[in-house]
1. What order, most packed first, do the peptides B:291-304, B:19-32 have when packing is the mean number of other Cβ atoms within 10 Å of each residue?
2. Considering the dipole of chain B built from charges on the beta carbon (Lys and Arg +1, Asp and Glu -1) around the Cα centre, which of B:Gln99, B:Gly186, B:Val42 is farthest to its positive end?
3. What is the calculated FRET efficiency for B:Glu218 to B:Ile100, with r their C-beta to C-beta distance and R₀ = 30 Å, to the nearest 0.05?
4. Rounded to the nearest 5, what is the percent of antiparallel bridges among the DSSP beta bridges in the protein assembly as shown?
5. Just to be sure I understand: if I project the alpha-carbon convex hull of the stretch B:139-287 onto a plane and average over all orientations, what area do I get in nm²?
6. Taking the convex hull of the alpha carbon atoms in chain B, what volume per residue do you get, in Å³?
7. Mind checking Rg over Rh on the stretch B:125-206, alpha carbons, Kirkwood formula for Rh?
8. Once you sort the root eigenvalues of the Cα gyration tensor of the stretch A:16-76 as a ≥ b ≥ c, which label holds: rounded (a/c under 1.5), prolate (a/b larger than b/c) or oblate (the other case)?
Amino acid sequence: MAENATCCVCSEGLTEQEMLSQLDELIEEYVDKPGGLIPALQIAQGRFGYLSEGVLKKISAAFDKPYSEVAGVVSFYSFFSTVPRGKYVVRACLGTACYVRGGKEVLSALKKQLGIDVGETTEDRLFSLDVGRCFGACGLAPVIMVNDDVHQRVKPSKVGELLKAYASAEKGGTQ
Amino acid sequence: MYKLTINGKAIESPDGATILEAARRVGIRIPTLCFLEKREPVGACRVCLVEVAGARTLMAACSTPAANGMDIKTNSPRVRAARRQVVELLLSEHDGNCQICDRNQDCELQELASELGIREIAYEGEKAKARIDDSTPALVRDNSKCIKCRRCVTVCSQVQGVGALHPQGRGFDTVIGPAFTLDLDGVACVQCGQCAAVCPVGAISEKSHVEAVWKALEDPTKTVVVQTAPAIRAALGECFGCEPGTRVTGKMTSALRTLGFNGVFDTNFTADLTIMEEGTELLTRLKKALVDGEKVPLPMFTSCSPGWINFAEYYYPEFLPNLSTCKSPQQMFGAVAKTYYAQKIGVKPEDMIVVSIMPCTAKKFECQREEMNDSGVRDVDYVLTTRELGRMIKEAGIDFMSLEDGKMDAPLGLGSGAADIFANTGGVMEAALRTAYEIVTGRTLPMENLHVKPVAGLEGIKEASVVITGTVPAWSFLEGVEVKLAVVHGLANVRRLLESIKLGEKSYHFVEVMTCPGGCIGGGGQPRLTDDSVRVKRIAAIYAEDEGKALRKSHKNEAVQQLYKEFLGAPLGEKSHHLLHTKYKSKPAL
C-alpha cells in the first residue's frame, strides 16, 4: 500500500493541466513494476483527490494498458473516485461484522446528518460519503473512517458530534 | 509426458497441458463456456469442473495443469451436480427469453442447459437490467443476456489488441463493456465483431439489416441487387447443418434468386477489379521509388478490411499514407453497380438497392462511411452477415439443402479464382502476385498450382520475397529487384508488425492486412463458433473453389476488361480515381 495513499487533503482544486503535469513524476516508480497500476492510482487520487478522465487516460497510456482495463480497476474498488471529493471522505463500513452490529444504521445517520447519499459530496465540498467493505477492524465494529482516521463502535446518535469536530477544525484552520 | 487417469482410463498427457487439453486429446469431452483455444484460461464460468482424487474442491479443467498420477473424474455425480448448479446460477441471472433471442438454437448456454438436463432453476433472484447499446453501425450489445464469461474481453484485447471491452464494476453489478460502461461509439472500437463471433449467448450480435432488406425486396420501385463475398460460400452451409468447409456457392446463388433479388452478383468481380487497381498502384509506387527516386510511402498496405482501416485511423494514423487508396471490393461493387451497371440496365442510381452478403460486421460500418457515396447516392445500402442470410433463407421457408446449383448473373457475377482466395489470409497477396508477376515478366507466376505457400496458413505474421527476373521492357526497372512481402491477420499481430516497421527492424514493399484471424473466412459475421479447426476447413474450401475454376487470374477476367473498355478507361484513370479510390482520416483514439 502506498504511503499516505488515502490522504486526500494534499491539494485541492488543481486544474486538469496541473494534474497532468504532476502525474508523470508521481507514478514514475510504479510504471514498470508488476502490479504497479493500483498503487499508481492510489497515489494519483491521494494527490488530486480524485481521478479525472484525463489522468486515467494518461495512466492507461503510461502503463500501456487499455483504458477499459484501467476503468475496470477504478470501478471495481469503491475506494477510487472519478469525481472531485470533499475534503473529508467519510466511509461507513458495511462488512459482515459492521453490518450485523448496526453499520447500516450508522450509514443512515451519516446520510441524514450530511444530507447526501452514498457517492455524493456536500455542497461546501467538505464531506463525501462512501461505503467501505471491511477496514480490518472487525473487533471494533461498527467502524467508520474519515480520511485516515478510524472511529470505532460508532453510535448513530453520536455521528453528528463526530462530524462537527471535523467541520469546526476546518473553520478553526482557515480563520 | 505425464501419466494420469481420466474416468478410470490410463492416459498420457504432454507436459504443460491442462486437464481440459489432456481430456480432449483422448476424446473425453468436458463442457466449457469461457474457454477460448490458445488463450490464457480465465476460469470464469466454472462449467468445466472435474473431480480430482485428493483435491478438496472440484477443479476447473481449463485452468488446472494436468500432473503425474492425477486421478480425474469428469462425470461423477458430484461433478454433474456442481455443473448443473453452475449453469442454473448462470440461468438465474440471464435474460432467458430464448424463443425471441437472436441466438435461439445457436446458443452455447441453451445447449449446455439442455445437455445437462436442466428442467428447473432452483434459484430465483435479480436479473441484470437490460441496457441495449446500439450506438455503432455494426454491433448491438444487450447486457441482460451477458453471462460475464469474458471471451469478448480476451478476444478484443489479446487477439485484436484493441482492448475496448473489460469488466466494469463489481459483483452482481459487473458489466462487460467499454470503460465506465460507455457505449461502444464512445471508445476506439474497430467494429470487427470478433466479440460477437465468440459470444456464447445473445449478448453481442451484429446490427441486423434483415428487415430493411425484406422491405427493399418488396418494393416494386426498386431494383435490388446482391453481391456475395467469397468467404460466404465456404461457411453459409454451416447455418444448415453442413460440416465447416462445405462449399455451397451454387445453392447460395439459387437461394438469393429465390429470395427475390433482381441481380445475383459476386464481390469476386470487384475483387478482381481491386487487383487491377491495387496492383497498378503498387507498381506505380515502386516505379516512383526505384526509378524516379521519389519518396513514396512504402510498404503499401492492402485496404480491403474495414476493421483494419478503423484500426489504422485510430491507432496508427502515421501509416495512413501507406494504405492503398483502393476502396474495398464491397465498396467498389456498390460504386460500379450504381453507375456502370445501372446505366446498362437503364435504372437510376436512386432506384437501385445494393445489398452485400459479408462475413463481416465492420462492413456495416464501412458502407455508411460518408465518403462512400460516389455514385451520387449511398453506394452500398445494406450489409447482411452470413448468419443473417442464413436466417432470411430459413424465414423464407427455403429448403436450402435441396436447392439446385444456380449461376450468378452477368456481368458483375463473373469472378476469378484469384478473387475467391481474397477470403483467406494470404489470398489477396497471392492474387496480386498472380497478376503483377505476369504483367511485369509476361510469364505465369512460377509457383506450384499458382499458390504462394509461404503466405498461406494460420501463422500470425508471414513473410515472403520474390526476385523479379526476365522483365518485359516496360517494367525493366524491376529487373533483379527483390520484392519483400508480408501477410498479417489478427490486429494484435498487426500491431506487432507495425511496431517492428516503425523501429526499422522490418521493411517490406507490400503488406496484406486482414483484421480477423484466418482472414475473412474467420470474420465477425460468420457462423459461430469459429476455431482453428473450422478456419482450416474453410480455408481449404476456398482454395478448392479457386482450383476448380478455369479463370484463376484477375487480369484475365473478361467482364472486368470490358468494364475498363466501356466505362473506366484504365486502372488509376480519372474515373477509377473518382469511383474506386478513397481517402482516410486520423481519428482520435478517444
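1. Top of the packing list down: B:19-32, B:291-304.
2. B:Val42
3. With R0 = 30 Å, the Cβ-Cβ based efficiency is 0.85.
4. 50 percent
5. Its average projected convex-hull area is 13.1 nm².
6. Given the Cα convex hull of chain B, per-residue volume reads 165 Å³.
7. 0.92
8. Rounded, because the longest to shortest axis ratio a/c is under 1.5.
Each reported figure results from applying straightforward, stated rules to the coordinates on display, with no laboratory input. Quick caveat, the model's predicted, so the values are computed rather than measured. Backbone-built Cβ (ideal geometry, glycine too); neighbour counts: all protein chains shown.
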